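Below: one structure, written as structure tokens.
The values are calculated or read from the model by the stated rules, or taken from the named source; none is laboratory data. Here the structure is a predicted model, which means the values were calculated and not measured. Every residue, glycine among them, receives a Cβ derived from its backbone with ideal geometry; neighbour counts consider all protein chains shown. Surface accessibility is based on the protein's heavy atoms, side chains included, excluding ligands, DNA and RNA. Shrake-Rupley method; radii C 1.70, N 1.55, O 1.52, S 1.80 Å.
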Amino acid sequence: MSNPASGPSAYRGRYNKPVPTTNLTIEDDEDFPEFEPFEDDVATEGAAPRAHPAAGASLSVQNVDMCQQINKPKHFTTDYDTESLVVRRGLEFLVRVTFSRPLSEQDDFQLEFLIGSNPSASKGSLIVVTFGSRHGGPWSGRIVETQGETLTLGITPRAEAIVGKFRTYVAIVAGSGLQRTSRDTSTDMYLLFNAWCPEDTVYVANEGERREYVLNDSGVIFQGTVESVSQRTWMYGQFERGILDACIYILDMSRMPITDRGHAVKLIRKGSAMINSQDDNGVLVGNWSDDFSMGTSPTLWTGSTKILQKYANTGVPICYGQCWVFAGVFNTFLRCLGLPARVITNFSSAHDNTGNLKIELIFKPDGTPDRRHTRDSIWNYHCWNEVFMVRPDLPSNFTGWQVVDATPQETSDGHFRCGPAPVAAIKDGLLCHPFDCGFVFAEVNSDLVCLKRDRFGTLSPFRVDKNHIGQAIYTKAVGNNGHMDITHTYKYAQGTPQDDRTMARAEEYGCARDHYELVEDQLSIVITADQCFMGQDLNLVVQFQNKGEVARSVQAHLAGSVVFYTGVLASHFKDEDFTATVPALQMASVKMKISAQEYMPHMAAQVCLYFVVTGQAEDQSLNSIKVVEMVMPRLTMTVQGQPQVKQQMMVNVSFTNPFNFQLHNINLFMEGPGLMENRSHQYSVLEPQASFSWVEMFTPRLHGLRRLVAGMDCSKLTQVWGVVDIQVST
């Protein structure tokens, strides 16, 4: 119980004296050269009772308690593995200060929160909090409870406050100056964005969405093709030890001014540039080749923690990343700092190198792909991020999800970054708004144009597909690992009046569209394929449809390649000519088998097969493309032990080689936020039909539904995964 006689009302009179507050500028807060720390007085025999201090008796601070057990649950920050307090702006937190004696009306003190190397009150990096009528800084303070020498203080940071790591001091008025406590790292405090605060620009109204987009430390990233969607478990691990410091280190490395770090748009844009290493020595080096000998293959990463920890410890960009790695690490960065974020996958994503809304694929006179002269490309999928926020710089209808992309594709204002671009602006073709709306619009809305080069080098269009690009846009569903189709948030249905208006508006803002006038084809082809497991034969069916009233004979060619998910050729393994006769107003099918012996020697680290069927029927050119993602074998994971915090458990990872050849140089890796840190293991060789069993012990740190993921990579097989969920009790 607090003492009413020594409560808040008892001290209001002591705040009326003039004390320097918001005009303070401290050059070096580590030492405070202008004020010596106040030393504790030694009690002497015969001194006045502590409850009734003698006139002039000195006052000092005995202890500062950041009340972590009270504050962290209230601020949803309990999971952060750090000794320091973590709170969210716009919401009160408590600090308990114990003085050398009870305060009298003549005593005065204040709390000071400092961030950066040159904190200044005028720039918001030196915050003075007072507890009565005396004016302080922009954060509010109140005395919550008084118990003898101990005061419990409530501090509420502004919802626009700087985000980062603050140093805490208690300052006592001593004559004409202030006596401050010494530097104490145990009172350091991290301040984050607050999706629970309506006044914060990142406020999210729905509790389930807040927990998904801020607090969920694991997720899935969708890959493959729209016909064969696969998913990769990704451990964001934003609460793991060292990750919060790593995210602040990234901002420090970017030389982002401290005063800008409470501005969500500026921070997100800076983060987008810093997650890749292009032009700013950022976190990840991109590599879309098949040579990862100087680093780690992108397919080997299971999450963000190892990448961020290594970068923060070395300051050297980490090798290597591809789009889902950039998106996964960026998502960790955003969620760790309190920004609601999610990973997005756009299937059949346009990468347009000519700055228009046309993806132009060029073919040779014989109908085969002319890769040498084709500059544009179609990625099987591309991953980026969305952040939910108010855009203070834009009209209110652009509040909501914003596209941000850390994969280094094109420069924006001189740096490899993208966004934040309002999804609402992209959907309505309002490409005049910042940032990079036109680039994202082209990724989801471009037309696919097939051009044939004749022997004189002249290009002629023979096919236009307005539905191929941006076939589907997925993100993880709230509360489960299924997909949520959000295509409708980016674009209206093809051919609707709203879609026509959007496309016309995009052209007004300089995005050139396809306007070729082509005669409707009388003959068309489509390739279909059964689901195929790696190492099995693949069955293709080439279907010809004749809409004409006369039979047509087709001279066709099948080309088979292994490709990167970006559409770039890795190796070519098949060419086959064939013919087909298609009766009038009917369909004809040609079945083709691709044996495992044909494609397996070329797979390396890639899992996508790319087939192109081209054909000629009199004067009509035909073309069809099919991407097939192979289904990989799985790791088996089993756990034993009592799933309880601080109770040791065991996990067994096993695998049987299903192929008729040896697997060499097998690398295994495993992690689980709140369960275990990164673990790894190696095997030199695994014979056909032979098995291995890898056992690891771990002790859960966090309760709730947790996830372990394991992966395997070797010379002839990659992206083999296993996942197990564990419900951990307290």
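Given only helices, namely DSSP H runs of n ≥ 4 each adding -39500 (n - 2.57), what is the per-residue ellipticity at 222 nm of the chain, to the nearest 500 deg cm²/dmol? Working shown, then result.
Values: 11 runs with 91 residues, N = 730.
Estimated from H runs of four or more residues: -3500 deg cm²/dmol.
Within 9 Å, Cβ to Cβ, of L267, how many net charges do the neighbouring residues add up to if Lys/Arg are +1 and Asp/Glu are -1? Mind showing how you got there, number by number?
Details: positive: R261, K266, R269, K270; negative: D260.
Net charge in that neighbourhood comes out at +3.
So which of K452/K716; K476/K574; K452/K574 end up more than 29 Å apart, counting from Cα to Cα? Numbers along the way, then the final one.
On the way: K452/K716 37 Å; K476/K574 37 Å; K452/K574 21 Å.
Beyond 29 Å between Cα atoms: K452/K716; K476/K574.
Among residues other than S680 whose Cβ falls under 13 Å from its Cβ, what is the net charge (Lys/Arg +1, Asp/Glu -1)? Write down the numbers at each step before the final one.
Values: positive: K306, R679; negative: E671, E677, E696, D713.
Net charge around S680: -2.
Would you list which lysines come within 24 Å of K123, measuring only between C-alpha atoms, while excluding same-chain residues fewer than 8 positions from it?
Reachable lysines: K165, K266, K270.
Using the heavy atoms of the protein chains alone and a 1.4 angstrom probe, what is the accessible area of region 412-567 per residue in square angstrom? Don't skip to the answer; put the middle values down first.
Numbers: 6890 Å² over 156 residues.
It amounts to 44 Å² per residue over region 412-567.
Subtract the Cα-Cα distance of T458 and A551 from 0.36 nm times their separation in residues, and report this length gain in nm to one decimal. Could the numbers behind the result be given before it?
Numbers: separation 93, 0.36 × 93 = 33.48 nm, distance 3.01 nm.
Taking T458 through A551 to full extension adds about 30.5 nm, to one decimal.
Leaving out ligands, DNA and RNA but keeping every protein chain, what accessible area does K452 have, in Å² rounded to the nearest 10, with a 1.4 Å probe?
Its heavy atoms expose roughly 40 Å² to the probe.
Once phi is turned into θ = phi - 60°, what whole-Hz ³J(HN,Hα) does the Karplus curve with 6.51, -1.76 and 1.60 give for every residue of region 610-615, x standing for Gly and Pro?
Couplings: 10, 10, 10, 10, 10, x Hz.
Given a 1.4 Å probe and heavy atoms of the protein chains only, how would you sort D393, D79, largest accessible area at the top?
On the way: D393 80, D79 45 Å².
If we order D393, D79 from most to least accessible, we get D393, D79.
With point charges of +1 on the Cβ of Lys and Arg and -1 on the Cβ of Asp and Glu, referenced to the Cα centre of the chain, which listed residue (G90, P408, C319) lies farthest in the positive direction of the dipole?
Towards the positive end, the residue furthest out is G90.
Suppose each label sits 7 Å from its Cα in the direction of the beta carbon; what would the K165-D260 distance come out to in nanometres?
Inter-label distance under the simple model: 2.1 nm.
Dipole of the chain, Cα-centred, from +1 at each Lys and Arg C-beta and -1 at each Asp and Glu C-beta, to the nearest 20 debye? All intermediate terms of the calculation are to be shown ahead of the outcome.
Values: 62 positive and 81 negative charges, 163 e Å.
In total the dipole reaches around 780 debye.
Taking R0 as 60 Å, what's the FRET efficiency between T150 and Q682 from their Cβ-Cβ distance, rounded to 0.05?
Details: r = 56 Å, r/R0 = 0.93.
With R0 = 60 Å, the Cβ-Cβ based efficiency is 0.60.
With a 10 Å radius around each residue's Cβ, average the other Cβ atoms per peptide and rank 324-334, 457-467, 417-427, 296-306, highest first. Walk me through the numbers on the way to the answer.
Details: 324-334: 28.3, 457-467: 14.2, 417-427: 24.9, 296-306: 23.2.
The most tightly packed comes first, giving 324-334, 417-427, 296-306, 457-467.
Can you work out the FRET efficiency for the pair L215 and T98, with r the C-beta to C-beta distance and R0 = 30 Å, to the nearest 0.05?
Numbers: r = 33 Å, r/R0 = 1.10.
My answer for the efficiency is 0.35.
Please work out whether region 268-331 counts as rounded, prolate or oblate from its C-alpha gyration tensor, where a ≥ b ≥ c are the square roots of the eigenvalues and a/c under 1.5 means rounded, while otherwise a/b larger than b/c means prolate and anything else oblate?
On the way: a/c = 1.38, a/b = 1.35, b/c = 1.02.
Cα axes put region 268-331 in the rounded bin.
Suppose every Lys and Arg Cβ carries +1 and every Asp and Glu Cβ carries -1, with no other charges. What dipole size does region 220-356 come out with about its Cα centre, to the nearest 20 debye?
480
Obtain the nm distance between the two label points defined at D465 and L585 by a simple spin-label model: each point lies 7 Å from its Cα along the Cα-to-C-beta direction.
2.8
Got a sec to turn the phi values of region 669-682 into Karplus ³J(HN,Hα) couplings, 6.51 cos²θ - 1.76 cosθ + 1.60 with θ = phi - 60°, whole Hz, x for Gly and Pro?
Working through the residues one at a time gives 8, 8, 7, x, x, x, 10, 8, 7, 4, 10, 8, 7, 10 Hz.
Determine, for each peptide in 593-600, 400-407, the mean count of other beta carbons within 10 angstrom over its residues, then list the peptides with the highest first.
Numbers: 593-600: 15.6, 400-407: 26.9.
Taking the mean over residues of other Cβ atoms within 10 Å, the ranking is 400-407, 593-600.
Of I307, P257, G282, which is farthest along the charge dipole of region 236-335 in the positive direction, counting Lys and Arg as +1 and Asp and Glu as -1 at C-beta?
The one lying farthest along the dipole's positive direction is P257.
Any chance you could look up the accessible area of K358 with a 1.4 Å probe, heavy atoms only, rounded to 10 Å²?
Looks like 30 Å² after rounding.
For a protection proxy built on the mean count of beta-carbon atoms within 10 angstrom, sort 236-243, 632-639, 335-342 highest first, please.
335-342, 236-243, 632-639
Once phi is turned into ³J(HN,Hα) by the Karplus curve 6.51 cos²θ - 1.76 cosθ + 1.60 with θ = phi - 60°, what whole-Hz value does each residue of region 68-76 show in order, with x for glycine and proline?
In residue order, the calculated couplings are 4, 5, 8, 6, 4, x, 5, 9, 6 Hz.
For semi-axes √(5λ) of the Cα gyration tensor in Å, the listed values are (1) 60, 30, 19; (2) 62, 34, 26; (3) 89, 56, 27; which was obtained by calculation from the structure presented?
Here the calculated entry is (1).
Using 0.36 nm per residue of separation minus the Cα-Cα distance, give me the extension gain between S186 and F292 in nm, one decimal.
Working: separation 106, 0.36 × 106 = 38.16 nm, distance 4.21 nm.
That pair, S186 and F292, stretches by 33.9 nm at full extension.
Which value, in Å² rounded to 10, gives the accessible area of E199 with a 1.4 Å probe and all protein chains present?
Accessible surface of E199 is approximately 120 Å².
Extending each Cα 7 Å along its Cβ direction at V639 and M253, get the distance between those two points in nm, one decimal.
Here the modelled spin labels are 3.2 nm apart.
Given a Förster distance of 35 angstrom, what is the FRET efficiency for T78 paired with F533, based on the Cβ-Cβ distance and rounded to 0.05?
For R0 = 35 Å, the calculated efficiency reads 0.25.
Counting Lys and Arg as +1 and Asp and Glu as -1, what is the net charge of the other residues whose Cβ lies under 13 Å from the Cβ of F416?
Details: positive: R269, K270, R417; negative: D279, D280, D405, E410, D413, D436.
Residues near F416 contribute -3 overall.
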